[in-house]
Each structure stands twice: as C-alpha cells, then as structure tokens.
Amino acid sequence: MPSSSESCAIRFDGVGKTYRAGRATALGLKHMLLRLPEVAREARREPVVQALRDVSFEIRRGEWTAIIGPNGSGKSTSLALMAGVLSPNSGAVSTYGRISPLLELGAGFHPELTGAENIELNGVLLGLCRHEVRARFGAIVEFSGLEPAMIERPVRTYSSGMVARLGFAVAVNVEPEILLVDEVLAVGDEPFQRRCLERMRSFHASGVTIVVVSHTLGLVEALCDRALLLDQGQLTADGRPAAVVETYRARMAAR
Amino acid sequence: MLVLLAKELRIRYKSTALGYAWSVAYPLALALVFYFVFKVVARIQVENYALFVVMGLFPWQWFQNSIVGASGFLLGNAQLIKKVRFERSLLVLVGVLNDLVHFLASLPVIALFLLASGSPLRAAWLWQVPLLVLLQLGVTFGFALLVATANLFLRDLERLIGIATLLWLYLTPVLYPWDMVPERLRWTLWLNPLNPLIQSWRGALADGHLDPALVAGAAAWAVAALLAGRLLYTRLERRFAELV
C-alpha cells in the first residue's frame, strides 16, 4: 500500500484527531488555582470530541479529490491537517509539495491593511519571496476582478464577496502543487465562480493536486476524480464521485 | 518577516494623525508624572532627576509594552495561525521588534535630555547601544514568548500581566537609584531580570561606561528567558491553531 513519494501527494496514516471540549481553558486562573486537584482530575476525564478516528488514505499527485459528508464529520479538520495547521493526536499526515490552503475565505487578511498590502503579506506567508509576489501582483489583481482603486483601500471596506475573490486570487497565483479549498464556491458571483472553476480545471490539467471540501454534490460529480465520504470522523466510502455521492445521499435520506 | 513587521508598524500608525509623536509622548508623559511624584513631592535625593528617570523609563517602556502586548501577538493574528503553517514565534518576535522600533525612535529624546544637562554624546554608544539593545531584545523576546504562549491556555494571564508589570516597575531601580535599596535587600536585585539592563542603560547613556558584571547578568537573564520561552513554545506550538 505505501507507494513512493513521487506519486503520492498526501498520505493519512491511521489519523486520529480529538479536540478538548474546551472547558479547562475557559475556566480561568482563579478557578484553577483555587481548586487545582479537582481541575486536574476533570481535565483528565474532560469530554473530548473525536473529530477523526483512524482515517487512512492516500491522494496521488494530480488527483482532484472531494471530501464530502454531513456537518461536523471532520472535513475541515482533514483539510487543516493537510495544511499542517493542526497536528494529529495519533497516526501521521505526510504531504509532498507546496501547499496553498484556502481554509476559510479571506482568512489571513488584515482588515486595516489595503488589498495590495494583504496580497503581499499573504503571498509571503504562503512561501513566496517579495519579488515573486510583486511579479504576480498584476495577475492576482486581474484574477480577483477588483477595481484598481479598490486594491488601495483597506480590506474592511470590502464586501464579503470581494474578500473571497481576493483570497482565492492569491491562493491560485502562488503556483501551488497542492491546492486545498474549503467550500469556496459558495461565495462570489456567477462569473467569478466560473473563473474559479476554470482555473481549477487548468490546474488539474497541469497536474496540480486539488482537494476540495464541498456540499455542492453536483459539482463534485462533474469535476472530481475521486470522492471521500466522511461520517462521524470515519472514512466510510472512497471511490468514483458518482458512487460515493450516491452512498452519501442514500445514507442521509435514511436519517 | 520584514513584511510582517512593516504590516504591524503600518497598522499601529494607520489611523493616527500624529504617528511618531505618540511613541515618544506616552513615555514622556509618564516621566513627567514620576518627576512630579518623586522629585517635587517626595524630594528624592537624585541630581537631575528628570534625566535619571528618562534613561531608565524609556528602556523599561519597551520591555513593558512587549510583555503586556504579548498576549495579543498570537491572539491578534488568529486568522493567520488558523490558515497558514509558518513559524508562529515570528509573530511574537515581530511584536517585540515593533516595540523596539518605538524605543529607538525615543532615543533622540534621551539625547536631548543629555545635551540639555551638559552631558556629551559619546562615540562609545556606537557599540554600547547595539549591545544593550541586543541583550534587552533577548530578555524581552524570551518573556514575551512565555506570556504569548501561556496566554493561549490561560486567558486571564493577560490581566495578571498588567498588575505584574506594575509591581515589577516599582521593584526595579527605574525610578530610584539601586543604592537607595536597603543593604539587606540588595541581593534581590540580582533576581530581577531587568535590573542589570536598566543599570547598564543608565551607565552607558550618562557616562559611556558599562559594568561587565551587569552586562554578564543581563546576558545570563537573556539566555535564561530565551530558553524558557523557547521550551514552552515548542512544547505547546502544535496546539496553537485549536486555541486561538
């Protein structure tokens, strides 16, 4: 089953991820100091949320994969693990290649900075150097479809659609080898959505690995090579999109 | 990192009309208050007390700003931490450097105070000031990393730090000379990471003189703070994205 790193882009190996329900951190210092033993005992049997349990799969280079599943099934957690923002509690996540994550739209933008400044900041954080960002600046602005005057205004004055467009424009212009997209197509107007899809298609054609989280099942069926179905943190189906979507629909209808 | 720093600076100055003036006005106003309390009212026996206070208070302000701000260095960038994987301690370093820039901006004011009291500008500063900046950067970054990390897990640390730095200021010979501390308590000064720094700043600025023992003390504290900060940070960094 383990293949060489040349053909593999992302590998999940028995990945488990739990979140603490978050009580201990919310308690505050006073409570912690006053009842230290009690708090320590509670922390150990604190309710945990099992976001993912023992998930294994391998995404090959150039594959366009969709992760589908009901809310809270661990889709976004999976993407965050791929992006390296979270780390698993058990198992291992390996990725090969430059990743461009779009975990939340327009996240990573600072509202007080202008669009142009945010492009630079984000480009650098995604691993480009400053002159590389400058070289791509025009392309990013063009792709976002924002007016040149708008680019010089603070991002807080943008509409949410504009933020989304700029975010997507940066993410697809850093020449990623792996593109992670979390439900992006839900925002943005029709022409922009079309442009996003086109760009993702051309990425796909040039061999970029794409992983999307989506509830737009029609698009998943039409575009992706493969779909993974997550349900309550477990991988319950994996294969051709049409078949997996079918399984998903049937299961949801039964609930 | 330069981009991050430029970003922080731009944000700090963005919607303020006076910009640079603010980084000087605040410590200067504080100095005025202390001058009134200690010199005019309490009649402290220090010559040229205004100069004395400014030489200690400005470096202290840098430290305090960074430590108090540290809680926000990570929390304030939650969006970045949740989205992109990068070396997160850079955010803390940038915050500290940002405060350093403001401190450097206030150095000319100290020079003015020195000139006004007939003290010369010294060539030795060319190496003394960078050395002290470096040592204080070490101490400040170390503590800021500790605070920033710990604050993610215990949110009310933020408030505690406000009180702690207030006490800390009065326990450090910033507003009074160290030799006014009663002899039987003087050993406690060595337990104070800021004491050797503040005394060194004053020695260098007023007399162009650095006491090797104090510099060694400051260096030891810088190393200790950096190690402690680094240790806590590397142990907890994996969980940052879940907590911010």
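The values are calculated or read from the model by the stated rules, or taken from the named source; none is laboratory data. Note that this is a predicted model, so its numbers are computed, not measured. Glycine also receives a Cβ, built like all others from the backbone with ideal geometry; neighbour counts cover every protein chain displayed.
Would you check which residues across segment A:219-235 are in contact with a helix residue (DSSP H, G or I) (Cβ under 9 Å, 6 or more places away or on another chain) and not charged (D, E, K, R) and list them? I'd like the intermediate steps shown before the answer.
Restricting attention to segment A:219-235, the residues satisfying the condition of being in contact with a helix residue (DSSP H, G or I) (Cβ under 9 Å, 6 or more places away or on another chain) are A:219-231, A:233.
Listed by number, the residues that qualify are A:Leu219, A:Val220, A:Ala222, A:Leu223, A:Cys224, A:Ala227, A:Leu228, A:Leu229, A:Leu230, A:Gly233.
Give segment A:86-145 a look and list any residue that's among the hydrophobic types (A, V, I, L, M, F, W, C) and part of a loop (DSSP other than H, G, I, E, B), or say none. Can you show your working first?
Step one: filter segment A:86-145 for residues among the hydrophobic types (A, V, I, L, M, F, W, C), giving A:86, A:92-93, A:99, A:102-103, A:105, A:107, A:109, A:113, A:116, A:119, A:121, A:124-126, A:128-129, A:133, A:135, A:137, A:139-141, A:143.
Of everything in segment A:86-145, those that are among the hydrophobic types (A, V, I, L, M, F, W, C) and part of a loop (DSSP other than H, G, I, E, B) turn out to be A:Leu86, A:Leu103, A:Leu105, A:Ala107, A:Phe109, A:Leu113, A:Leu126, A:Leu128, A:Cys129.
Of all the criteria given as (1) basic (Lys, Arg); (2) within 25 Å of B:Val109 (Cβ to Cβ); (3) within 14 Å of chain A (Cβ to nearest Cβ), the one not satisfied by B:Arg239 is (2).
One line per residue, one yes/no per condition, for (1) out of contact with any His (no Cβ under 7 Å at 6 or more places or on another chain); (2) at pLDDT 90 or above; (3) in a helix (DSSP H, G or I):
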| position | (1), (2), (3) |
| --- | --- |
| B:Arg159 | yes, no, yes |
| B:Thr165 | yes, yes, yes |
| B:Trp168 | yes, yes, yes |
| B:Pro173 | yes, yes, no |
| B:Ile198 | yes, yes, yes |
| B:Ala213 | yes, yes, yes |
| B:Ala218 | yes, yes, yes |
| B:Trp221 | yes, yes, yes |
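Annotation note: of A:Gly161, A:Gly97, the sole residue that is touching a residue at least 24 places away in the same chain (Cβ under 8 Å), farther than 30 Å from A:Asp13 by Cα and either of a type in the set (A, V, I, L, M, F, W, C) or more than 11 Å from chain B (Cβ to nearest Cβ) (or both) is A:Gly161. Do we have any residue at all in segment A:167-186 that's more than 30 Å from A:Val15 (Cα to Cα), touching an Asp or Glu at 6+ places or on another chain (Cβ under 9 Å), at pLDDT below 90 and among the small types (Gly, Ala, Ser)? Yes: one or more hits. Within segment A:215-235, the set of residues being under 13 Å from A:Arg249 (Cα atoms) and free of Cβ contacts under 8 Å to residues at least 40 places away in the same chain comprises A:Thr216, A:Gly218, A:Glu221. Answer yes or no: is there a residue in segment B:122-140 that is surrounded by 15 or more Cβ atoms within 10 Å (Cβ to Cβ), out of contact with any Gly (no Cβ under 9 Å at 6 or more places or on another chain) and under 23 Å from B:Tyr49 (Cα atoms). Within segment B:122-140, one or more residues are surrounded by 15 or more Cβ atoms within 10 Å (Cβ to Cβ), out of contact with any Gly (no Cβ under 9 Å at 6 or more places or on another chain) and under 23 Å from B:Tyr49 (Cα atoms). Would you mind finding the one in B:Leu227, B:Leu166, B:Leu157 that is within 21 Å of B:Gly95 (Cβ to Cβ) and either acidic (Asp, Glu) or without any contact (Cβ under 8 Å) to a residue 60 or more places away in the chain (or both)? Among B:Leu227, B:Leu166, B:Leu157, only B:Leu166 is within 21 Å of B:Gly95 (Cβ to Cβ) and either acidic (Asp, Glu) or without any contact (Cβ under 8 Å) to a residue 60 or more places away in the chain (or both). The selection criterion, being modelled with pLDDT of 85 or more and either at negative phi or outside any helix (DSSP H, G or I) (or both), holds for A:Glu198.
The residue that is farthest from the chain's Cα centre (by Cα), among those in segment B:73-120 that are in a helix (DSSP H, G or I), within 14 Å of another protein chain (Cβ to nearest Cβ) and without any contact (Cβ under 8 Å) to a residue 24 or more places away in the chain, is B:Lys83.
Of the residues B:Thr188, B:Thr234, B:Thr149, only one is loosely packed, with under 15 Cβ neighbours inside 10 Å and within 14 Å of chain A (Cβ to nearest Cβ); which?
Numbers: B:Thr188 fails: within 14 Å of chain A (Cβ to nearest Cβ); B:Thr149 fails: loosely packed, with under 15 Cβ neighbours inside 10 Å.
On inspection, the qualifying residue turns out to be B:Thr234.
For segment A:106-131, residues that are within 13 Å of chain B (Cβ to nearest Cβ) and either touching a strand residue (DSSP E or B) at 6+ places or on another chain (Cβ under 7 Å) or touching a residue at least 24 places away in the same chain (Cβ under 8 Å) (or both) total 17.
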